[in-house]
Every structure is written in structure tokens, then in C-alpha cells.
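**Q** Quick one: this structure, given as C-alpha cells, is what I'll be asking you about.
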Amino acid sequence: MSVAAPAAVDDLRFSPGAAPSDGLTSEEAGRRSAQFGPNSMPDTSSHPARTALEKLWAPIPWMLEAAIVLQVVMGKYVEAGIIGVLLLFNAALGFFQEGRAQATLAALKSRLALSASVRRGGAWKILPAADLVPGDIVKLSLGGVVPADVRLIEGNVLLDQSMLTGESIATEAGPGFQTYAGALVRRGEAVARVTETGTRTKFGRTAELVRSAHVVSSQQKAVLRVVRNLAAFNGVLIVLLVAYALAHAMPIKEIIPLVLTAVLASIPVALPATFTLASALGARALARQGVLPTRLSAVDEAATIDVLCADKTGTLTRNALTVTVVRPMPGFDEAHVLTMAALASSEGGQDPVDNAVGSAALRNVASNPAKRLRFVPFDPATKMSEATATDPTLGTLRIVKGAFAAVGILAASSPTASAAASELESKGFRVLAVAAGPPASMQLLGLIALSDPARDDSAALVTELKTLGVRTVMVTGDAPATAMIVARAVGLDGALCPPGPIPTDVRPETFAVFAGVLPEDKYKLVKAFQQAGHTVGMCGDGANDAPALRQAQIGIAVSTATDVAKSAAGVVLTDPGLAGIVASVKEGRTTFQRIFTYALNSVTKKIVQVLFLGVGLVMTGHAILTPMLMIIVMMTGDLLGMSLTTDHVRPSLLPNRWRIGNLTLAGIFIGVCELAFCVGVLALGRFHLGMGIAPLQTLAFFALVCGNQATTYAVRARRRMWSAPHPSRWLVVSSVADVLIALTLTTRGWLMSPLRLAIASGVLAGAIAFAFVLDVVKVSVFSRLKIA
């Protein structure tokens, strides 16, 4: 499909022989439809089956699939089935968390008009909005949705464009005004010419940005890097194992189980599932605080954000026009000014200015008010609304409310009034003048300044986020003067970014306020901060925020947000106010600590298991663990590891970071310590007790189980064990169950050679002593690696 430049659209407004008032002919509309395409957004959703299959095509699934193939080749169908269940469980968890971008696009489509009043061939017709083409003549009516990007040619309307521009104040529009698909008509009626349709509209470009916006979560990166590091480290060890076995002429029937056991030992099977489980538990905790995560990865991301891009309208402010200042002229008071202004305002309509004035007047009623006889709505041509009223004392009055310059012509204003109006306008307020009196001698009663005020909790939010190490910047489509007023009110004291394109190397430390920003620029700003190494949270409420919400590591939609913003965001605040953002950061950091502890345990276990296989092969000349024993170690170990997702932890005071290199080094150190314990137990059994290979395999199995218990309790605290909160109930229950299962299998001889209870008890006692020794030596290592 060819796409013409905007200039070409203007050149093709009318077909030959058709007057502008007649609109396009059906033939010309068909030709343009073929050239420009439908006035809709394409469906880019993928088939669910393909999405599900993609979950089986990644590093961890590959390793599990290879293990299944080896088990089937060896005829170990039970073991293959167990591994298959683990594979499908992880894939299912990932599948059910997909599809947020498609949900956002669906919400965007639902915001567009379904039908439109179009003039074709000299007659008005109701057609599907998707059939509109550039050059069509359309009618905009009260309560309708603008069906495409259009330029007004007749009439006047009040347009609500906050869904796209972020402007909280509706805009008066007349001939020549350009407006966009998705805007709402709040008042009036107009005729307009379509300038852009489909993906070329401002709304369509926003949808395209949402579709293309993508950032790999810190959690995904962490999983991939952990798997990569383990695969590299353990891959080398497995190659050395095979080389050693071949050099010592081990039979192939023994080498294959050895390799399979080593492969199973190196796979962090439950790593993705545990990350998901920890995030799900964090999401449940947040839901109790009025925060609804729409993507589980957002819970973990909240722990790492160090920059929050907050939209002004509806985020830091209430998104409701309010009377902020009333300046009565000498001889009048605020109540009189507001009462007269309310008489010149519509009642129960959709005009936000009139509604704000009416609400303020109800709170400050004048005594013995005048009675309205006649009302004339706001006229964009005169920039005023007016009323005729009777006053018990003054008789018949004419009351006008509108722009200061227009009202000043009817009621001469003083230099004091002009100075007051200029002062209020310079502060970003929308200023109205109110005048009343006999038609021939009207007086200026006073000035009314309106604004969208800051939320009551915004200043406290900014301060608390600062103490948590999160820098807040305002990103808004509003005018700089208005933005700076709100910024100062909520405690953002930094500089204002100069108007114009946002620099590609911009830093959040440089500016505190970005005003007059288009949706594309919000999206680019988030990407610029990310490229500078920051983890970005984006807070917003409108469709104009959707691309940036989707691109940010964590997008946050406030309670008043549109469906578009909510579906693009990773977190939705279900309660009014912004306290949910602080709750998200704190709960995210709690979740991060749980995930980090599990990841460290997982790296330790996978390293020690493969190393133990190698050392055991050298000591005994045989594989000291069978594939079945390794599967039992994996399953009992994962039971214990997953319980860490419920553990009581102390969240960090500053943003967290996934330092996978340091995590791997710490895992190697802890793994070597556990290896020393396991090898010591194996050496006692081999050389002191004179065990054969079958009992040694059982001893090695139980030593690994007890060693894993010791490391779990030693590393859950970043300093000494007693410095951490007490273990959760599920961790204790899982720990006891893990030991009892292993002890029962070991002493009963189920699936392995039996071991005397006295020996098993001695190994367990040794593991407890090992845990206290490890607790001492790990502190300096953790400190050096900045693990906190």
C-alpha cells in the first residue's frame, strides 16, 4: 500500500466536478481508499498457538528438552515424564503473562468512533468510520468522537483533547482549527475536512508507538544472564568430566548416565517459575494496598527504578478545573463575584469552566442573590457568555463572563485590574473577568483564576521517593508556565527543559520539568533515560502516555486513567492518590530480595552439583549420583527454594540492581564452600567407613540435601544470620519437609541403597555446624561484592 505525504492529501481534497460543499464522489472516495487504506489500525496479534510454542524455544527449555531426549533414549520414561511436567509448567506460566501490548492496541481501537456523518455526492450519510478517506467532509456533533484527523471549516465546538495532548482544559475550536482522531466534542457542532486517516493520524501514530515499544525487563535479563553464566561454567565442567571418563576407559553405558546427571545438575529448572511465583505473591500484596500489577515483571521492576517520569495532568494534579483565586474589585467581595459568574454559566452541562465556577459559587453563596431570567451560552466569536437577571435592589442586570480583554470593552477596566489579570496569566492560570450592571453602565466586578491544582499527596510522594533514591521529573504536554507552577507546588525544584526537540543525551539530573511534550517525545525521553543507564518508571493517565508507559520498565496508570493507559501500564493504581507508587517501590524491593536470595541459592546448587560429580568421579571412579537421585535433589531443592518467595526479608533503602557477575562470583564462593562440606562427607564414607559405590551414592545425595539446607539459611541474610528477620512459616515447613523426605528415602532405601540412621544424623549435624561457619566467612565476601 502506498502512503502519500501529507501535502498530497491536501492536493486531493476534491474530485473533478464536485464542489467542496458536496464532498467527495463515491468513485473518488473508493480511489482514495485504495490509495490510503482504511481508517483503522491493522491487527498485529499473533496466534495463541505460536505464542505458546515460543515458550518452549529458549535456553532453559532447550536444556530440559535435551534431557528428556536422553532419558527416552535410555528407556527412563518415568524420569522423562517428570522433566516434561517441569517444562510444561514453566511454559504455561510464561504464556499466561503475555499479550499486554495487544490489549493496549485493542483499547486504542475502542476509543475511535465507530461511525461518522459524512457528506458524499452532495448528501449526508452515516458511514463506518473505517470508510473515511482524506478529503472527506464530516460533521462533528455534541457528545461525538472525532473520527479522524480533521481541520474545521464551519461552526464552533468545544473539544476535549486530554486523551491525546494531556491538556486538562477543553479547547474552543473554530474554522481552521486542526484536531485529532479520538477527541471528544463537549459543546457545539461543526463541519470539518479529513486530513489524515488510519495509522497516519495522531492516534494511529500513538498506537504504532505502543506496538513497537518494548524493553526487556531486568528480570528477563537476569534469568538469561544466570542461565548463560551457568551454561558456560558447567558446560566446561561437563566437557572435562567426559574427557576424564574417556581417558580412564569408562564404559559408554556409564558415561551416558554421568552426562545426563551432569546436564540435569546444571539446569536451573525452577528459576523462571520461582521468579514468576515471587512476583505473583508481591502482586497479591500490592492488590491489598490498592495497586494492581498487569504484568508480573512490573513488581520486580519497581525495585530497580531510579527515575520516575510523572505526567502532570491527572497524575500530579487532580485533572479537574478548579477556581483557585478570586480577585474582587474595590466595593465587591468574592461571594458576589462568584454568584454573578455562576448566573452567567450553564447548569448541568459538560463545560468544565462553567462547572468549576458553579461549584465554587455553591461553596460561597452571596446573600439575597439575583434571579436569572435569560442565559446565552459561551460564544467563541465574542469570547463571553452572558445572562439577564433581576436584582431586588438594582432591578434588571446584564451579567457577562469571559476573556478579560472582551469583558474589558463592555466595562472599562482600571490599571489595577489589568495588572492583576496579567499577573494571574503569567502564573499559568486561566483568567476570567466578570462584569454586571445596567447594559449602559456595567462595572467590572472581579477576576476569577482557574487551574488544575496539585493533588494533596503529590508533594509528600515526591519527597518520599527522593528518600528512596528515586528522582521524579515532570513530563507534560501542558504549557511551561502551568507546568512550573505545579512543579514548585509538589517540590520539584529543578530546571525547565528549553522548548524544542528533546536532546538525545538528556539526563534526569539536568532538568526537573519537560513541558509542551508530544506523545512521541515522551516515548523518546523514556528511551533516552534508559540508554543513559537508568531504570525508568512512567506515570500517566491518557492515551498520549501509552507509548511511554509501554516502553518504561514499569508503567504506572493512576486511578483516573483511561483504558488505553491502563492496558499499556504494568501497574494500575485502583485507589485515588499516588501513595500506591511508594507502595510499589517498597513491595518491589521486598520481592527483589526474595528473588535474589533464590537466584544465589540456585547458582550455588548448580555449581556445587556439577563440581561434586567431578570430584566424586575422581575419588571413586564412578558417577556418585544417578539421574534419578539428581531428579530427587532437584525436586526437593526446588521445594525449599520456592518457599524463599514467602520469606521475611528487609527491603533495601536504595534502588536495587541485578549485578549478575557479582551474583555468579558469590555463588561460586558459596558453592566451593558447600563442595568442601560434601567432599568431606564423601571422603569419610569412602576412606573411613569403607562404603561401596551404592551406599556412597546415597551418602552423596543426603550430603547435597543437607548442604543445600545450610547454604539456604546462611545466605538469606546479607550479614549475619541473626540480622535478618525470622524465616517465614512456609520456609520452615518446606525445610523440615525437605529433610524428612530425604531422611526417609535414605534410611528406608527407597530408590537408593539404604543408609544407617546414625550416619544420616551425623551428616545433618555436620551441615548445621557448616551453616554457622559459612555464616562467618561469607560476610566479607558479600561486602566486597556489594551484595546487600
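The values are calculated or read from the model by the stated rules, or taken from the named source; none is laboratory data. Predicted model, so just to flag it, every value in this text is computed and none were measured. Using ideal geometry, Cβ is built from the backbone for each residue, glycine included, and neighbour counts are taken over all protein chains shown. Calculation scope for accessible area: heavy atoms of the full protein, side chains included, ligands and nucleic acids excluded. Shrake-Rupley method; radii C 1.70, N 1.55, O 1.52, S 1.80 Å.
**Q** In debye, nearest 20: dipole of the stretch 341-485 around its Cα centre with unit charges on the Cβ of K, R (+) and D, E (-)? Please report the intermediate quantities before stating the final value.
**A** Working: 12 positive and 13 negative charges, 40 e Å.
Around 200 debye, computed over the stretch 341-485.
**Q** Compute the helix-to-body angle for 100-111: its Cα long axis versus the longest principal axis of the chain, expressed 0 to 90° and rounded to tens.
**A** Tilt of helix 100-111: around 20 degrees.
**Q** What is the packing order of peptides 418-430, 672-684, taking the mean over residues of other C-beta atoms within 10 Å and listing the highest first?
**A** On the way: 418-430: 16.5, 672-684: 19.8.
The densest-packed peptide leads the list: 672-684, 418-430.
**Q** Give, in nm to one decimal, the length gained when the segment between residue 574 and residue 740 is fully stretched (0.36 nm per residue of separation minus the Cα-Cα distance).
**A** Working: separation 166, 0.36 × 166 = 59.76 nm, distance 4.41 nm.
Stretched fully, the residue 574-residue 740 segment lengthens by 55.3 nm.
**Q** May I pose another question? Separation of the stretch 273-309 and the stretch 397-446 by C-alpha centroid, Å?
**A** Going from one Cα centre to the other spans 52 Å.
**Q** For the chain, take the longest principal axis of its alpha carbons; what is the angle in degrees between that and the long axis of helix 77-95, to the nearest 10 within 0 to 90?
**A** It is inclined by approximately 20 degrees.
**Q** Extension gain residue 254-residue 365, at 0.36 nm per residue separation less the Cα-Cα distance, in nm? Before the final figure, lay out the partial values.
**A** Working: separation 111, 0.36 × 111 = 39.96 nm, distance 9.42 nm.
Extra length from residue 254 to residue 365 when fully extended: 30.5 nm.
**Q** Could you grab the Rg to Rh ratio for the chain? Cα atoms only, Kirkwood for Rh. Provide the component values of the computation, followed by the final result.
**A** On the way: Rg = 34.7 Å, Rh = 30.7 Å.
With Rh from the inverse mean 1/r over Cα pairs, Rg/Rh is 1.13.
**Q** Using the per-residue mean of other Cβ atoms lying within 10 Å as a proxy for protection, in what order, highest first, do the peptides 608-621, 706-719 fall? Numbers along the way, then the final one.
**A** On the way: 608-621: 20.3, 706-719: 22.9.
Put in order of decreasing packing, that is 706-719, 608-621.
**Q** Let me ask something else. Calculated FRET efficiency, residue 654 and residue 284, Cβ-Cβ r, R0 30 Å, to nearest 0.05?
**A** 0.75
**Q** Continuing with the same structure: Calculate, for residue 381 and residue 412, the FRET efficiency according to 1/(1 + (r/R0)^6) with r their C-beta to C-beta distance and R0 35 Å; round to the nearest 0.05. Present the calculation step by step, with values, prior to reporting the outcome.
**A** Working: r = 22 Å, r/R0 = 0.62.
Rounded to the nearest 0.05, the efficiency is 0.95.
**Q** Over the chain, with every protein chain in place, what whole percent of the accessible area is carbon and sulfur at 1.4 Å, could you tell me? Provide the component values of the computation, followed by the final result.
**A** Numbers: 19880 of 32020 Å².
It is 62 percent, rounded to a whole number.
**Q** Here's a follow-up. Assuming a ≥ b ≥ c are the square roots of the Cα gyration tensor eigenvalues, decide whether the stretch 448-586 counts as rounded (a/c under 1.5), prolate (otherwise, with a/b larger than b/c) or oblate.
**A** Note, shape of the stretch 448-586 comes out rounded.
**Q** Radius of gyration and Dmax for the stretch 272-312's Cα atoms, expressed in Å?
**A** Looking at the stretch 272-312, its Cα Rg and Dmax stand at 11.3, 38 Å.
**Q** Cα centroids of the stretch 231-251 and the stretch 562-613: how far apart, whole angstrom?
**A** 37
**Q** At 1.4 Å probe size, what's the solvent-accessible area of residue 221? Round to the nearest 10 Å².
**A** Rounded to the nearest 10, the figure is 110 Å².
**Q** Could you give the accessible area per residue of the chain, probe 1.4 Å, as a whole number in Å²? Working shown, then result.
**A** Working: 32020 Å² over 788 residues.
Here the residues of the chain average 41 Å² of exposed surface.
**Q** How big is the gap, in Å, between the Cα center of the stretch 466-490 and the Cα center of the stretch 511-558?
**A** For the stretch 466-490 versus the stretch 511-558, the Cα centre distance is 13 Å.
**Q** Among 313, 302, 375, which residue has its Cα furthest toward the positive end of the charge dipole of the stretch 298-380, with +1 on Lys/Arg Cβ and -1 on Asp/Glu Cβ?
**A** 375
**Q** For the chain, take the longest principal axis of its alpha carbons; what is the angle in degrees between that and the long axis of helix 480-490, to the nearest 10 within 0 to 90?
**A** With rounding to tens, the tilt is 50 degrees.
**Q** Can you give the FRET efficiency for residue 74 and residue 224, using 1/(1 + (r/R0)^6), R0 = 25 Å, r = Cβ-Cβ distance, to the nearest 0.05? Please report the intermediate quantities before stating the final value.
**A** Values: r = 30 Å, r/R0 = 1.20.
According to the calculation, E is roughly 0.25.
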